[in-house]
Ligand SMILES: N[C@@H](CCC(=O)N[C@@H](CS)C(=O)NCC(=O)O)C(=O)O
């Protein structure tokens, strides 16, 4: 089976080490959405054909694969053996329509990667969206599973769970399930809102983010140029609006606070799921993966206790199951 890291193209240009060590380098990503009224995401701008008042544009942004103290990250992967799906129930054909850096798309990818479910990726152009013209639902992620269309990251993961982990899905609801649900909700309702204000915090961080977006999204040459400069400028201002909307006074402090809140939730456990990640671990990891090696993600790891859990998650999730085009 042909596999590649989630950000194979970027990785190839940056990673020169032995394949084993590649697992410990992370690729960055991110996405943004341009609707400041109903939900904040990562990128909001009047760039392109949409109006700045009502239009929504969600673009991939990301980061760079960075070698992070290789020795400190050489956690033995065998220590975190995965719950692989049985071959007889595993889906045969999975296609993810995504923006490379979209936090919601990355949540789904963390799930697919963790369960070793091979998937193809179709990178959507956020301006034309021509790759999803066939769909009435106009956001990403969209996941096609053996011909069935699934939408909305949390719903996709729930539906994958009931299809492919039927025992867990039908078992009696336990306290652990409640805890997992509570923290999955926290990711969607709180954690994602910390991201845009941080990655577009100032001109240099906004440019760092959009440099990746421009180079890794699905854009024409003209769009690339526009996205990088106009996008960075626009999101710098939008992120100030988002701060107000979510009552954030100090965006970094809010990000650090969220990271500490998550570590407190772990309560000394390796993962929220105990000795193995559960869906909440995968959701937090998926959403943070795009920013981990941007300035904001580096600061977060430097100034909070989240780094050890994050490294365990990198090891537990392991190599991406994405199928090379
Ligand atoms: N609740 C949805 C949110 C998905 C979403 O907002 N996706 C953004 C990309 S980050 C999007 O597609 N926005 C519409 C657009 O780009 O026009 C989920 O969890 O999947």
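The values are calculated or read from the model by the stated rules, or taken from the named source; none is laboratory data. Just so you know, these numbers come straight off a predicted model, no measurement behind them. All Cβ positions, glycine included, derive from the backbone under ideal geometry; neighbour counts span all protein chains shown.
Observations on the model:
Let's see how each residue does on (1) modelled with pLDDT under 95; (2) over 28 Å from residue 177 (Cβ atoms):
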position: 190; (1), (2): no, no
position: 211; (1), (2): yes, yes
position: 233; (1), (2): yes, yes
position: 236; (1), (2): yes, yes
position: 251; (1), (2): no, yes
position: 261; (1), (2): no, no
position: 270; (1), (2): no, no
position: 279; (1), (2): no, no
position: 285; (1), (2): no, no
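- Of the helices (runs of 4 or more DSSP H) lying entirely inside region 254-325, those carrying at least 1 residues that are in contact with a strand residue (DSSP E or B) (Cβ under 7 Å, 6 or more places away or on another chain) are 279-288, 307-317.
- Checking each residue in region 81-116 for being farther than 17 Å from residue 319 by Cβ, away from the ligand (no atom under 16 Å from the Cβ) and in contact with a helix residue (DSSP H, G or I) (Cβ under 6 Å, 6 or more places away or on another chain) picks out only 89.
- Residue match in region 274-292 (condition: over 18 Å from the mean Cα position of the chain (by Cα), surrounded by fewer than 23 Cβ atoms within 10 Å (Cβ to Cβ) and farther than 22 Å from residue 108 by Cβ): yes
- Tally, over region 153-180, of residues that are surrounded by 15 or more Cβ atoms within 10 Å (Cβ to Cβ) and either part of a helix (DSSP H, G or I) or at pLDDT 95 or above (or both): 12
- Between 142, 156, the distinction of being within 11 Å of the ligand (Cβ to nearest atom) and farther than 19 Å from residue 280 by Cα belongs to 142 only.
- A single entry from 148, 131 fulfils the requirement of being surrounded by 15 or more Cβ atoms within 10 Å (Cβ to Cβ), modelled with pLDDT of 95 or more and more than 20 Å from residue 284 (Cβ to Cβ): 131.
- For region 232-251, residues that are buried (at least 17 other Cβ atoms within 10 Å of the Cβ) and in a helix (DSSP H, G or I) total 10.
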